[in-house]
Ligand SMILES: Cc1cc2nc3c(=O)[nH]c(=O)nc-3n(C[C@H](O)[C@H](O)[C@H](O)COP(=O)(O)OP(=O)(O)OC[C@H]3O[C@@H](n4cnc5c(N)ncnc54)[C@H](O)[C@@H]3O)c2cc1C
């Protein structure tokens, strides 16, 4: 059997793989290139709901379930702060819609081959699946290296874990013009934990209980928190759970990028495309894919300069603080969201803020825990000793 050879192969058609595939399909540079996509799943289910902010209208507006111009932050003590998103719009896209949209464009691209197979191993430029072997001059791989699971604890690593209920109520109870970014009134012990609300209509919303720590809860414990929040904070007693979203997003300064090879670039979570301090990565997928395309067109390594910047240094400090003193999360986020213009926080999280904006944010967090964490990060590099 002869091995099929491609110019580029994308392993895993999730958020990152799909973003990258679209950028290749839409750029003339790749029209004559043979592109292979290997994905083990059908990508038909709504396995997650992506939310993100953008300052401009994009193709995602058409897919969005809802869009908001206003947000609220509620402190541990119940201080309600209204956040004007100004030029930004917060948007939510269901993954099933995103996959269908991308798969349609991919199916119409003559130079792209999609195969549904499970990749077992990649050696140099050769990809071994459960059904065959393929060769690509450059491979983009969204599989997380197993070393991350083994060594995660040696780094400043937390998990962002959550359970969300899409609920329907018999009477209008939600203000669907604004989201609740974080409500810290209901906490898990004194850990960094909050409730997030996306109202799609006055009678339909996603209500999610989220933690940034290293203690997974049992399913019942998340549910208990959601029930308490609905009843005590929102006074909602009657509702139907229409859909459930559960997930874990790694927040770590583990150097995912060390798994790049000359003919292989790690992408997505596996390539450090998730912003470690926030867990957001949908827009990074969009942005970093464009950067990959530009790198290729300039003859540079595709992963050149991606996810390696001063923001990863800030993330290391932030994660070290929360790993050592997890109770500080409520205060840190209150400072971020109430002492700063939300748009500068968005730019900071998007890695697009100026040094002046960064300094303002850093100085507002000038507390002993950050100073201690700074020394630790400088002393141990990206590792955290305890
Ligand atoms: C429930 C949930 C909600 C989230 N919500 C948000 C949000 O609101 N906003 C945001 O910005 N981020 C969010 N994230 C974080 C992040 O955007 C997602 O995790 C995103 O999907 C990561 O993209 P990815 O391409 O790295 O991984 P994935 O989207 O998981 O894609 C990886 C793909 O690789 C395939 N694959 C894996 N192994 C193999 C193999 N051996 N062979 C072939 N294919 C393989 C998988 O089937 C999958 O399709 C969320 C994450 C989760 C889990």
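Only the coordinates and a few stated rules stand behind these numbers; no lab work does. Quick caveat: nothing in here was measured; it's all calculated off a predicted structure. All Cβ positions, even for glycine, are placed from backbone atoms using ideal geometry, and neighbour counts span all protein chains on display.
Things to note:
- Gyration tensor verdict on the range 310-379 (Cα atoms; rounded if a/c is under 1.5, prolate if a/b is larger than b/c, oblate otherwise): oblate
- Paramagnetic label reach from residue 7 (point 7 Å along Cα→Cβ; backbone nitrogen cut-off under 14 Å): within the range 90-124, residues 110-113.
- Principal axes of the range 130-182: Cα extent on each, largest first, Å: 56, 33, 20
- Gain upon complete extension [residue 308, residue 352; 0.36 nm per residue less C-alpha separation]: 14.5 nm
- Gyration tensor (alpha-carbon) shape descriptor, the range 1-142, a/c threshold 1.5: prolate
- Angle between the chain longest axis and helix 95-107 axis [Cα atoms, degrees, rounded to 10]: 20
- Cβ-derived FRET efficiency at R0 25 Å, residue 175 paired with residue 214, nearest 0.05: 0.15
- Using alpha-carbon coordinates, inclination of helix 219-228 to the longest axis of the chain, degrees: 40
- Rg/Rh ratio calculated on Cα atoms of the chain (Kirkwood radius): 0.97
- Built from the Cα atoms of the range 249-310, the convex hull projects on average onto 4.1 nm², one quarter of its surface area.
- In this label model, residue 201 and residue 40 are separated by 3.8 nm, measuring between points 7 Å along each Cα→Cβ vector.
- Distance between the modelled labels on residue 244 and residue 327, one decimal in nanometres: 3.2 nm (7 Å Cα→Cβ projection).
- Here is how the number arises for the chain: DSSP H runs of 4 or more residues each give -39500 (n - 2.57), the sum is divided by the residue count, and the result at 222 nm is -9000 deg cm²/dmol.
- Listed residues 45, 315, 27, most fluctuating in the chain (Gaussian network, C-alpha, under 10 Å): 27
- Folded to 0 to 90 degrees: helix 329-339 orientation relative to the chain principal axis, Cα: 90
- Here the chain carries DSSP beta bridges of which approximately 70% are antiparallel, counting only pairs with both residues inside.
- Taking the alpha carbon gyration tensor of the range 60-164, multiplying each eigenvalue by 5 and rooting it gives semi-axes of 38, 25, 11 Å, largest first.
- Approximate spin-label separation residue 237-residue 57, in nm, with each point projected 7 Å along Cα-to-Cβ: 4.5
- Kirkwood-based Rg to Rh ratio, the range 157-251, C-alpha trace: 0.96
- The radius of gyration of the Cα set in the range 219-377, together with its Dmax, comes out at 18.9, 60 angstrom.
- Relative to its residue count, the range 78-138 spans a Cα convex hull of 236 Å³ per residue.
- Cα-Cα separations in the range 47-99 greater than 12 Å, expressed as whole percent: 66
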